[in-house]
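Participant: My questions will all concern the structure given below.
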Amino acid sequence: MDVVEDSDLLHIAEWALTAPLPEGWTVHLDGEGNEFFYNAATSDSTYEHPMDEHYRAYYRKMKEQKQLAKMTEAQQAGEAAAK
């Protein structure tokens, strides 16, 4: 995420950084003091917050929509200039 180019999308990063753990997940420290997440019901463990991919996908979707809107605006501006 580019903080200048994507300043209108920074709220997504804020949401991700403050997201609560989904039900069933707990946070732990490994032997070196690094945080990891564990789900006792599924025995899954990860060093990434369980919701990270959700927020990455949402960011990509919003970024794509923003790019499509820019292309549409440019196309419409070009058509208007041609008239």
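The values are calculated or read from the model by the stated rules, or taken from the named source; none is laboratory data. Computed from a predicted structure; not experimentally measured. In this analysis, Cβ positions are derived from the backbone assuming ideal geometry, glycine residues included, and neighbour counts consider all displayed protein chains.
Participant: Quickly run through segment 34-57 and pick out the residues that are assigned to a loop (DSSP other than H, G, I, E, B) and of a type in the set (S, T, N, Q). Let's see the steps before the verdict.
Facilitator: Residues of segment 34-57 that are assigned to a loop (DSSP other than H, G, I, E, B), as a first pass: 34, 40-43, 47-51.
Across segment 34-57, the qualifying residues are Asn34, Thr42, Ser43.
Participant: Under 7 Å between Cβ atoms, which residue pairs at least 6 apart in sequence (or on different chains) link something in segment 60-83 that is closer than 18 Å to Asp2 by Cβ and surrounded by 10 or more Cβ atoms within 10 Å (Cβ to Cβ) with a partner that is modelled with pLDDT of 95 or more and β-branched (Val, Ile, Thr)?
Facilitator: Met62/Ile12
Participant: Looking at segment 17-33, can you tell me whether even one residue there is under 18 Å from Met1 (Cα atoms), assigned to a helix (DSSP H, G or I) and touching a residue at least 24 places away in the same chain (Cβ under 8 Å)?
Facilitator: No; the residues of segment 17-33 include none that is under 18 Å from Met1 (Cα atoms), assigned to a helix (DSSP H, G or I) and touching a residue at least 24 places away in the same chain (Cβ under 8 Å).
Participant: Look through Met71, Met62 and report the one residue that is farther than 23 Å from Glu14 by Cα, assigned to a helix (DSSP H, G or I) and of a type in the set (A, V, I, L, M, F, W, C).
Facilitator: None of the other options fit; the residue is Met71.
Participant: Which condition breaks for Phe37 when tested against (1) at positive phi; (2) of a type outside the set (Ser, Thr, Tyr); (3) surrounded by 10 or more Cβ atoms within 10 Å (Cβ to Cβ)?
Facilitator: (1)
Participant: Please pick out the residue among Thr18, Thr46 that is farther than 26 Å from Gln67 by Cβ, β-branched (Val, Ile, Thr) and surrounded by 10 or more Cβ atoms within 10 Å (Cβ to Cβ).
Facilitator: Numbers: Thr18 fails: surrounded by 10 or more Cβ atoms within 10 Å (Cβ to Cβ).
One residue alone meets the criteria, Thr46.
Participant: Six or more apart or on different chains, Cβ under 6 Å: which pairs go from a residue in segment 35-53 that's closer than 9 Å to Trp25 by Cβ to one that's surrounded by 12 or more Cβ atoms within 10 Å (Cβ to Cβ) and among the hydroxyl-bearing types (Ser, Thr, Tyr)? Could you list them?
Facilitator: Note: pairs meeting the criteria are Phe37/Thr46; Tyr38/Ser45.
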